[in-house]
Amino acid sequence: MNFFLHPLTMVTFSPLIGVLVLLFINREQKNAIRWVALTTSLVTFGISLWVFAQFDASNPDLQLVIRLPWIQVSSWLIEYHMAVDGLSILLILLTTLLTPISILSTWTAIEERVKDFMIFFLLLEVGMVGVFLSQDLFLFYIFWEFTLVPMYFLIGIWGGPNRIYAAIKFFLYTMAGSILMLLAILWLGIQQGTFNVPDLVAMGGIPADIQLWLFIAFAAAFAIKVPMWPLHSWLPDAHVEAPTAGSVILAGVLLKLGTYGFLRFNIPLFPDAAVRAAPVIAVLAVIGILYGAMVSFAQKDVKKLVAYSSVSHLGFVMLGLFALNSQGVQGAILQMVNHGLSTGALFLLVGMIYERRHTRDMDAFGGLWKVMPVYGLITLIVSLSSMGLPGLNGFVGEFTILLGAWGAGNPGGILGSYWFAGLAALGVILAAIYILYMFQKLFLGPLTKDENRNLKDLNWREVVTLVPLLVLIFWIGLYPAPFFGVMAPAVEKVVAVFQTVAVAGLP
Amino acid sequence: MAPETLVWLIPVPPLLAFFLIVLFTNRSKWLSHTIAVLAALLSFAGSMWVFVQALQNEHLGESPIESIINWLPLGESWFQIGVLIDPLSAVTLFFVAWTVLMIFIYSVGYHNFGQPQGDHDVPGLPPHGASVVDEQGHKHRVLSIEPLYSRFFAFISLFAFGMYLLVVSNNLLTMFVGWEIMGLCSYLLIGFWFAKPSARAAAIKAFMTTRIGDVFMLLGIAFLYSATGTLNFRDILYNENVLLVLGETPSGFLGLSVAGLIGLLLFIGTVGKSAQFPLHVWLPDAMEGPTPVSAMIHAATMVSAGVYAILRMFPLITADFHGHEFTPLMIIIGTIGAFTALFASTIAVAQNDIKRVLAYSTISQLGYMVAAVGIGAYVAAAFHLVTHAFFKALLFLSSGSVIHGMEHGVLHTDNHHLDPQNMFNMGGLRKKMPVTFWTFLIGGFSLAGFPLVTAGFWSKDEILTDAFLHAPLVFWTLAGAALLTAFYTMRQITLTFLGEPRTPEAEHAHETPWTMILPLVVLSVFAIGFGWVGVPGGFPVLGHRLPEWFQEFVGETLLVAPELPAFNWIPLLASILVSIGGLSLGWLLYRNVKAGQSDPLQNALGSLYRVLQNKYYFDEIYQFLFVKPSIWISDVLVSEIIDRGIIDGFLHFLAYISGVIGNFFRNAIDNPVINGIGDFVGETTKRIGFAMRVIQTGKIQQYMVISLVIIFGALVYFISSVGLP
């Protein structure tokens, strides 16, 4: 199919059209700029739905493949190779959904350099979608690094008081990990003669000890992005300093680039190494779950609390992935989506109160439920989703992950001990503690501060930004079958490869 | 309509009511309560219809009403959910439907529907009363309507949904969903008056404590799924082979079988939800909520759900029990149950708040049921679950009526410092509130197991008989608890209703409106009558004259119907003795308490009384052992020391080292060497240029001379190098 008209090309690069239009708009016409950006991102979302309509959920393989030669360096061919499958489709939809929502949230929050902001934002979307779609390692790496730049500026220009520190920490940290991955990509390209991911997976045959090194090199990049304990320390700074929309995308999508990377590259490319590494990763994941929850509880700043809770939630995702069975991996993918929805919504909510009060210190609030009942109710629902209350989305993900982790914990299983699931479940209790603690600090108790007495409840624009997320929170919680249905065949294919390895590795 | 379809629909109306009220009708108080009560009525009607269908099915145990749908695809198979009505869920549905409906109706009156808005009432605090001026121009203080009236009905509807969902579930997953929704509702409703710091603290305590149990339960569910590949009750619990395998496989933990370990994990969920020792601490604080909520939590829904869950899992718990030696798990369950029963009843003896006494009595009665499960008395536990739900709902609603009447008195005297829930401020209310007095008396006597007439007698007697025959130690513990129960019940009745009013507020107490009275009367009927459907066949005179229906019906739930204990005189006499003895003792000790007089028990027990009154200091101990250390660990150890100190510190150290190395390169290599060379080159060029300047004179003639000299020189060089001949 024609390069420009291919759905995957369109969904990836359509934001560039918006960027082009924005270049020609006077920077003083802020509303025009906002509308252009919003419209562009909505069109992109529409295109992603169109992609979804063409997607065949029952097919476990890559679909809508586009493969064109791009750069030829002696015998190595770098291709423009994109495709979608059950592992990535939901994440693409999540990305294209969160972008317009984030843009809408900046309507009154961003007043400085609106034009630059929107351009960076749309560029960021190109990078994120590109990462999820690339099937050529080199192309993937380019998109991967590309996401760093707009985010660096989003934090560095529109961030909080400590933004420069946060932006540099974010950039350097992620960059450092990526370098190792680049080396591994080069090694693969030179030794195996191709950068084509499906071919590499089909080829296999990398000796086990080399697999382990490559696994570690890829993992270095992804683990920082996830972030896995103890590589998480860029995250709270970046999240807290970033403007609301930046935090939403950072938590909602950018972190998923890491977990997605593990699922797309580490696990299928280096299956032997994945089995060997699984217990180690699971240990780090469990530490992350408990650690993130405990640090969250200690925070006084709401945004920091939410930021650290990501460490905990992403720990669940990693545990599910490295249970290496269908329940675990399906739960992990769903939990990636869930985390994008709930934590994204939480950041939006924090942003809304920050716009009103210009503080995020929990001690500055209390009793808000009386003055802002709608805000209180929505925050309650989102909080409950985040702490995994049955009937809402978080529970379905956590539950399937626990099933997977427990199954992998059977004697002789990949993880080999029930303790992983057991301790992870402790994280569920801790989540309830810090979330309810936050809710009670903000909303319950007597209304003591005068500044809070006349706070306005949410306006229509704010409610509109939240409604899509709420709908999905309930939908996934009550009837997750369609979401699992989309990914099940593809996941089955990934883990099927696995179980043979695992069983062969048994004594 | 097919019964299966109807079962699906039973939980739906309250859920719809919840959303309708939250989204649309929350501004209209009348509309909101109408929707909620109507929804409860619909669920009630559906439940009764299903119950009648269930009664007509003679083999309900073997072929229950069941319906299944695919819910989520897991790998190549589907995870299925569905509904199930077997004898156990049928009787549970029966009492849940009745109590829930009564509580809904009662709530209308309790929250003062029809009364004016309060003068200074704010959302999040209980109403404080309003002033009205009557036709003669007299000012009166009257009760005022709850400011968040609609919200209350929304939450309580969701609560009812959770319980209905739990009861009709055919699998552990949806049951757990209902279970957790109730946990949430308890949080929302205990903290209903959220502006009160004590309510806020109680709400979070209730949710957290029960959630600790829930998480273990969740692990039990995961374990069960990975062991059997299903969570469907029938597939696991009505399947001999599955039970046999689970019962015979050792788990390698505490000598438990796999069935035992799964059972233990699930049982911890019950310990949390049904407030058994050591997770009992949340329940008394839960009294912070409005009284209908207390009734909801303590009778109709939440705590009953805990016992219902272990009754459900009974085949699993007893998978490796063959009728002789108790399994380790059964010993654990029996011990915790019996201990809780006695332990909580000792605390109840020294409480002065009318609702707190009932709270501890709930814990104690739940202990009976848990202990019964532990000794394998399946039917007796289920029987007590039902009768307890009726008489405890009745007691709570009656106590709410008492408090309501007292608040009337408080408005009259305008003395807001008086605690309307303290029983020592009451007395003589039987004349002021005659209906409430009688209903409370019926509920109290049923709780105390007053012989023959009350429902509580029959169910409690059944547990005692079973315990006497199989586990004497449990029997004596429970008998002791029964004595205390009768004693504190009579203490409560005497202090509240008998004698003369001890305060002017009690003097001016007033009977409550019909919306509150009606539910009390209805529940009284069950608090007496429900015992008569389960009279043991061997009972003297009455046996076989009254039906033994309950035992036969519920026993069917199990694969092998349990053997009923033979009649024995000793437990019967003990049961009668402790009941009558405790009641008399309570009356004798408290009948003459005067205003301002301290508790007669205080003198008798001395410092032990203080310990009891402070609930053995469990809150303080937990605070010291768990809460404070946890806060320290997360605030100081993990957050300060590890996260900001070590991890971030290490990063900053790396950055610092990079800085040092960079500076070193700059000062030791870059500046002297590289810059040095660069500077040297530049400097030298400059000097050369400077030196050459002398020849840059700008005069053409001089340039010509220089050019000529160079050309000549080059020529000479060229010729000499070519080497001309």
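Values in this text are rule-based calculations from the coordinates and carry no lab data. No experiment lies behind these values; they were computed from the predicted model shown. Cβ atoms come from the backbone with ideal geometry, glycine included; neighbour counts cover every protein chain shown.
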Zone reached by a paramagnetic label modelled 7 Å from residue B:48 Cα along Cα→Cβ, restricted to the stretch B:6-28 with backbone N below 19 Å, covers B:6-14
1/(1 + (r/R0)^6) with r = Cβ-Cβ of residue B:122 and residue B:607, R0 = 35 Å, i.e. FRET efficiency to nearest 0.05, evaluates to 0.25
Taking Rh as the Kirkwood radius computed over alpha-carbon pairs of the protein assembly as shown and applying Stokes-Einstein at 20 °C with viscosity 1.002 mPa s, one gets a diffusion coefficient in µm² s⁻¹ of 64
With 0.36 nm assigned to each residue of separation and the Cα-Cα distance removed, residue A:187 to residue A:459 gains 92.5 nm
What the Cα atoms of the stretch A:17-106 span along the principal axes, largest first and in whole Å, is 50, 38, 17
For the stretch B:42-142 (alpha-carbon point model, no solvent) the Debye-based log₁₀ I(q)/I(0) at q = 0.14, 0.18, 0.24 Å⁻¹ works out to -0.75, -0.92, -1.18
The Rg/Rh figure for the stretch A:248-335, Cα atoms and Kirkwood Rh, to two decimals is 1.01
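When the dipole is taken about the Cα centre of the stretch B:537-620, and only Lys, Arg (+1) and Asp, Glu (-1) are charged at their Cβ, what size is it in debye, to the nearest 20?
Details: 5 positive and 7 negative charges, 119 e Å.
For the stretch B:537-620, the charge dipole is close to 580 debye.
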Using eta = 1.567 mPa s and T = 4 °C, Stokes-Einstein with Kirkwood Rh from Cα pairs puts D for the stretch A:3-500, in µm² s⁻¹, at 57
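Using the count of nearby Cβ atoms within 10 Å as a rough guide to exposure, how do A:5, B:72 rank from fewest to most? Each step should come with its number before you reach the end.
Details: A:5 8, B:72 22.
By the 10 Å Cβ count, ascending: A:5, B:72.
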Restricting to lysines and to Cα separations under 25 Å from residue A:30, and discarding same-chain partners fewer than 8 apart, the set is A:115, A:456
Under the helix-only model (-39500 (n - 2.57) for each DSSP H run of 4 or more, divided by the residues of chain A), the mean residue ellipticity at 222 nm, to 500 deg cm²/dmol, is -24000 deg cm²/dmol
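Based on the Cβ-Cβ distance from residue B:544 to residue B:453, what FRET efficiency comes out when R0 is 22 Å, to the nearest 0.05? Write down the numbers at each step before the final one.
Working: r = 19 Å, r/R0 = 0.86.
Efficiency computed from Cβ-Cβ geometry: 0.70.
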Computed ³J(HN,Hα) along the stretch A:303-310: with the Karplus parameters 6.51/-1.76/1.60, θ = phi - 60°, integer Hz and x for glycine or proline, the list is 5, 5, 4, 5, 4, 5, 5, 4
Listing B:383, B:718 by rising number of other beta-carbon atoms within 10 angstrom, fewest first, gives B:718, B:383
For chain B, one quarter of the surface area of the C-alpha convex hull, expressed in nm², comes to 60.0
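Using a Förster distance of 51 angstrom, determine the FRET efficiency expected from the C-beta separation of residue B:637 and residue A:149, and round it to 0.05. Mind dumping the intermediate values first?
Working: r = 38 Å, r/R0 = 0.74.
After rounding to 0.05, the efficiency reads 0.85.
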Helix-only [θ] at 222 nm, chain B, -39500 (n - 2.57) per DSSP H run of 4+, per residue, nearest 500, equals -20500 deg cm²/dmol
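Would you mind ranking A:33, B:580, B:317 so that the residue whose beta carbon has the fewest other beta carbons within 10 Å leads the list?
In order of increasing Cβ crowding within 10 Å: B:580, A:33, B:317.
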Low-density loop GluC sites (Glu not before Pro), the stretch A:96-167, at most 14 other Cβ within 10 Å, DSSP non-H/G/I/E/B, are A:111, A:112
Rounded to whole angstroms and listed largest first, the alpha-carbon spread of the stretch B:620-695 along its three principal axes comes to 99, 15, 9
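Quick check on my link table: of A:256/A:303; A:169/A:303; A:225/A:441; B:196/B:594; B:196/B:355, which ones sit more than 21 Å apart, alpha carbon to alpha carbon? Walk me through the numbers on the way to the answer.
Working: A:256/A:303 19 Å; A:169/A:303 18 Å; A:225/A:441 31 Å; B:196/B:594 32 Å; B:196/B:355 18 Å.
Over 21 Å apart, Cα to Cα: A:225/A:441; B:196/B:594.
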Toy charge model, Lys and Arg Cβ at +1, Asp and Glu Cβ at -1: the stretch B:620-695 dipole around Cα centroid in debye, rounded to 20, equals 660
Between the alpha carbon centres of the stretch B:121-156 and the stretch A:191-262 the gap in Å comes to 59
If one compares the long axis through the Cα atoms of helix B:700-722 with the longest principal axis of the Cα atoms of chain B, the angle in degrees, nearest 10, works out at 90
Sorted by chain and number, the residues with a modelled amide H under 5 Å from that of residue B:257, at a separation of 5 or more or across chains, are B:251
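In a shell of Cβ-Cβ distance under 15 Å around residue B:575, excluding residue B:575 itself, what net charge do Lys and Arg (+1) and Asp and Glu (-1) give?
On the way: positive: B:460; negative: B:461, B:462, B:466.
My count for the surroundings of residue B:575 gives -2.
When the expected Rg is taken as 2.2 N^0.38 Å, what fraction or multiple of it is the alpha-carbon Rg of the stretch B:445-578? Spell out each step's value before the answer.
Values: Rg = 18.3 Å, N = 134, 2.2 N^0.38 = 14.1 Å.
Compared with the compact-globule rule of thumb, the stretch B:445-578 sits at 1.29.
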Restricting to aspartates and glutamates and to Cα separations under 14 Å from residue A:300, and discarding same-chain partners fewer than 8 apart, the set is A:361, A:363, B:635, B:640
Output row, site residue B:561, 7 Å Cα→C-beta label point, backbone N cut-off 20 Å, window the stretch B:445-471, residues B:459, B:462-463, B:466
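So if a site counts as exposed when it's one of the GluC sites (Glu not before Pro), its DSSP state isn't H, G, I, E or B, and it has at most 11 other Cβ atoms within 10 Å, what's the longest stretch of chain B without one?
B:326-562
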Semi-axes in Å, largest first, for the stretch B:300-414 (Cα gyration tensor, √(5λ)) are 36, 14, 8
The answer for the net charge of residues other than residue B:60 whose Cβ lies under 9 angstrom from its Cβ, with Lys and Arg +1 and Asp and Glu -1, is -4
Diffing the stretch A:18-35: the Karplus 3J(HN,Hα) column from phi (6.51, -1.76, 1.60, θ = phi - 60°), in whole Hz with x for Gly and Pro, holds x, 4, 4, 4, 4, 4, 9, 9, 4, 5, 7, 7, 5, 5, 4, 4, 4, 5
Placing each pseudo-label 7 Å from Cα in the direction of the beta carbon, residue B:658 and residue B:700 end up separated by a distance in nanometres of 6.3
P(r) over all Cα-Cα pairs of the stretch A:384-482, 10 Å bins from 0 to the longest distance, whole percent per bin, short to long, reads 13, 28, 31, 17, 8, 3, 0
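Can you check what the net charge comes to around residue B:194, using other residues whose Cβ is under 11 Å from the Cβ of residue B:194 (Lys, Arg +1; Asp, Glu -1)? Write out the running numbers ahead of the final one.
Working: positive: A:370, B:151, B:196, B:200; negative: B:288.
Around residue B:194, the charge tally is +3.
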Distance in nm between residue A:112 and residue B:709 label points, each 7 Å along Cα→Cβ, equals 6.6
